[in-house]
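Here is the structure we will look at, set down as C-alpha cells.
The values are calculated or read from the model by the stated rules, or taken from the named source; none is laboratory data. Computed from a predicted structure; not experimentally measured. Note: ideal-geometry Cβ built from the backbone for every residue, glycine included; neighbour counts use all protein chains shown. Heads up: the accessible areas ignore ligands, DNA and RNA and are worked out on the full protein's heavy atoms, side chains in. Shrake-Rupley method; radii C 1.70, N 1.55, O 1.52, S 1.80 Å.
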Amino acid sequence: MKINGLHQRTIWPNPKNKREICILDQRLLPHKIVIEKLTKPEDAIRAIKEMYVRGAGLIGATAGFGMYLAALYAPDNEFDSYMNTFSASLNNSRPTARNLLWAIERIQTALTNTESPAEKREIAYSTACAIADEDANFCKRIGEHGLEIIREISSKKNGQPVNILTHCNAGWLAFVDYGSATAPIYAARDAGIPIHVWVDETRPWNQGARLTAWELQQEGIPNTLICDNTGGHLMQNKMVDLVMVGTDRTTHTGDVANKIGTYLKAVAAYDNNIPFYVALPSSTFDWELDKGYDIPIEQRSEEEVTTVMGCNKDGVIQTVSLTAPNTRAANYSFDITPARLVSGLITERGIVKAEEQAIHSLFPEGNTTQ
Ligand code: MRU
C-alpha cells in the first residue's frame with residue numbers, strides 16, 4: 001500500500017545488502033516515518049517485543065527474517081543448536097500471535113533439507129522471502145473474497161456508503177501488504193463501492209488512532225476515528241453495516257483471539273444483528289488448541305495504560321502521564337471472541353463459517369489428528 005503516494009511494504013531485505021532487513025518503526029507512526037535496519041538476530045526479537053513491528057502477519061514475517069539473520073550468525077560447527085536456542089527466545093518475544101511460531105517452524109522445517117550450513121543460510125533467506133510474499137498475496141486474496149460481503153451490503157444501500165467498523169490495526173501495517181481486515185475495504189474502493197470506516201482508537205497502544213486512521217487516509221478511504229466506547233451507540237443507531245476485524249490467533253474450532261476490546265464489539269454486533277467478520281490468512285490458525293480460552297493472553301506494561309504518547313505542536317514526540325503517580329493498571333492485550341459470535345472467517349481460500357468442520361473442509365491439511 002502507499003505512503004505519500006509511493007508503494008511501500010512493512011518489511012523488506014535491503015536490495016543492496018541482503019544482510020540487512022528493513023522495517024518501518026511503527027512506534028513513531030504517524031508522526032515520523034523512520035526505517036530501521038535489523039542486522040543481528042537479537043534485533044528481530046527486540047523489534048517484535050518492543051513493537052517496532054506488530055500485527056500477526058508482520059510478526060510472522062519478521063520472525064522469518066529473524067531466523068535468516070540467526071542462520072547468518074550460526075557457527076558452522078553448532079548450527080542446529082544455535083538455531084534451536086534462538087528459535088526458543090524468538091518464540092517467547094510475544095505470546096499470542098500464532099504467526100510467530102508458524103514462521104519459526106516453517107524455517108526450521110525448510111532447514112532440514114540439507115546438512116550444509118551455507119545451503120541452510122540460502123534456504124533461510126529464500127524461505128523468509130517466501131513467507132513475506134505469501135503473506136502479501138494471501139491478504140490480497142482475502143480482499144477479493146471479503147469484497148463480496150461488502151458488495152452484497154452495498155446493493156441494498158441505494159448508493160449510500162457501507163459503514164464498516166474496525167478495531168485495532170489489521171491493515172497493511174499489521175502484515176506485509178494489504179492487511180487482512182482492510183484488504184476487502186481496499187478491494188471495495190477499487191470496485192467503486194462507496195465506503196466509510198469507523199476506526200476504534202484501541203487503547204492503550206492506540207493502533208486504531210495512530211495506524212489505521214493514518215493508513216486509510218494515505219489510501220484515500222473516508223474514515224472517522226471514534227473512542228473505543230462509541231461502537232455500541234453507533235450500532236444501536238444503525239450507523240454500522242458491518243464489523244470487520246483481524247485476529248492474532250484463531251483456533252481450528254473458530255474461536256478468535258484479537259486485540260483487547262474485540263469481544264465487546266462482537267457482543268454489541270450480535271445484539272444489533274450486525275454481521276461480524278474476522279479476516280485472516282491461514283497462517284493464523286492454531287490447529288492444536290480446541291478452545292480459545294486456552295490461548296495465552298499477553299499482558300503488557302502498566303505504563304502503556306497510565307501514559308499516552310503523542311506529538312506536540314513543535315513536532316516533538318512525547319509521552320505524558322494520564323494518571324496520578326503510583327496508579328496501578330492492568331494491561332491485558334488480547335481477548336477471546338467465541339465462535340458463536342462470529343458471522344464468518346474471511347481467508348485466502350474463501351469465506352468459511354467459524355466452525356470446526358467447515359474450517360477443516362477448507363483447510364484439510366490442518367487436520368493434525370490424521
Ligand atoms: O498488539 P498488536 O498491535 O500486535 O495486535 C494486533 C491486533 O490485535 C490487531 O487487532 C489485528 O487485528 C490482529 S493482527 C492482524
The helices (runs of 4 or more DSSP H) lying entirely within segment 43-117 that contain at least 1 residues which are within 15 Å of the ligand (Cβ to nearest atom), of a type in the set (Ser, Thr, Tyr) and touching a strand residue (DSSP E or B) at 6+ places or on another chain (Cβ under 8 Å) are 56-73
Inside segment 216-233, the number of residues satisfying the requirement of being open to solvent by less than 10 Å² (accessible area, probe 1.4 Å) and either away from the ligand (no atom under 15 Å from the Cβ) or closer than 22 Å to Pro338 by Cα (or both) is 2
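This table checks each residue for (1) within 12 Å of Leu165 (Cα to Cα); (2) within 16 Å of the ligand (Cβ to nearest atom); (3) of a type outside the set (A, V, I, L, M); (4) in contact with a helix residue (DSSP H, G or I) (Cβ under 6 Å, 6 or more places away or on another chain).
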{"site": "Met239", "(1), (2), (3), (4)": "yes, no, no, no"}
{"site": "Val243", "(1), (2), (3), (4)": "yes, yes, no, yes"}
{"site": "Thr247", "(1), (2), (3), (4)": "no, yes, yes, yes"}
{"site": "Lys259", "(1), (2), (3), (4)": "no, yes, yes, no"}
{"site": "Lys265", "(1), (2), (3), (4)": "yes, yes, yes, yes"}
Those residues of segment 183-200 which are surrounded by fewer than 22 Cβ atoms within 10 Å (Cβ to Cβ) and outside any helix (DSSP H, G or I) amount to Ala191, Gly192, Ile193, Pro194, His196, Trp198
Exception for Leu165 within (1) surrounded by fewer than 24 Cβ atoms within 10 Å (Cβ to Cβ); (2) touching a residue at least 60 places away in the same chain (Cβ under 8 Å) falls at (1)
Here the qualifying pairs (Cβ atoms under 8 Å; residues six or more apart or on different chains; first in segment 217-236 and within 17 Å of Pro30 (Cα to Cα); second modelled with pLDDT under 95) come out as Gln218/Met1; Gln218/Lys2; Gln218/Ile3; Gln218/Asn4; Glu219/Met1; Glu219/Lys2
Taking segment 287-312 and the residues there that are without any contact (Cβ under 8 Å) to a residue 60 or more places away in the chain and among the β-branched types (Val, Ile, Thr), the one that is surrounded by the most Cβ atoms within 10 Å (Cβ to Cβ) would be Thr306
